[in-house]
Amino acid sequence: MKAHAGIGDWISASYEKGVPFLQQIPRESADFFLLNSQICEYDAGDVIITAEMDGESFCVLQSGRAQICGRILPDGHYNVLAWLETGACFGEMSILCNEKTSNTVAAAEDCTVLHMPRENFVKFLEKNPSTMVFLYKVAADRLRAKNQAFDEFESLAVLASAKVLPFIDFAQTLEKSRITGTVMFENNGQSGFIAFRDGSICCAKSGRLTGPDALEHLLSLGDETLFKLDPHLMPETVNINQQSDTTSLILDALRNIDEKQSQKK
């Protein structure tokens with residue numbers, strides 16, 4: 001990013017979503033940031049920033065991935081609102097707005113994070129005012145993504161019919177949005193559920209059937225099936241291997257259903 005003289009130039013400056021923060025600011029600004037920051041290491045699951053606390057530092061994720069987390073679900077896990085990839089910055093809004101941090105940020109895997117203390121961050125912005133515009137563009141992108149995810153989530157929470165919306169399409173949306181929750185099934189007195197954690201199928205149950213057998217049974221119920229996502233309900237048991245992606249699990253189950261039906265003919 002080259003130096004810009006006025007607000008108009010700063011607003012029109014290129015902003016590349018997904019490109020590391022330190023690569024999008026002037027070299028001298030990046031050097032100042034590195035010299036005035038602390039390097040911290042986190043293990044997977046560690047909390048980097050805690051919600052409802054005073055914002056003490058502006059952070060840049062140097063390696064690994066992290067999660068922006070909302071409230072804690074009944075099963076003790078966080079509701080994941082967004083993912084942060086290597087190079088992303090976070091923690092700026094609580095400092096800029098002089099408010100408590102709004103969300104918890106946790107390491108999704110082993111991470112290295114640069115922390116610039118609040119006082120140094122203020123000095124950094126005084127020396128690099130154009131960075132303010134960049135940070136607002138980052139915040140705007142996150143708000144757009146959050147609004148889109150909320151719209152998708154609201155549409156998933158309504159009662160759906162397999163005749164109108166095939167379950168595999170419904171499940172793929174859950175997978176893409178990394179939704180955690182349980183999908184309840186109902187069809188002419190038969191019922192059951194398929195649970196998702198971060199978009200991956202982790203549990204299924206229908207009557208006495210559990211795991212893959214329950215998954216196959218629920219997928220075979222037909223077009224009259226009604227299903228609905230309950231984001232507040234999660235079983236304690238994991239009975240389906242989460243190493244396979246959601247789409248592959250469903251396709252394998254549908255193939256098994258077809259084979260069994262062919263054998264009966």
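The values are calculated or read from the model by the stated rules, or taken from the named source; none is laboratory data. Everything numeric in this text was worked out from a predicted model, so none of it was measured. A quick note on method: Cβ atoms are made from the backbone with ideal geometry, for glycine too, and the neighbour counts reach across all protein chains shown.
Observations
- Screening C89, C59 for residues that are closer than 18 Å to P129 by Cα, at pLDDT 75 or above and within 18 Å of the chain's Cα centre (by Cα) leaves exactly one candidate, C89.
- Tabulated pairs, the stretch 207-228, first at positive phi, second modelled with pLDDT under 95 and of a type in the set (A, V, I, L, M), C-beta under 8 angstrom, 6+ apart or interchain: G211/I240; G222/A162
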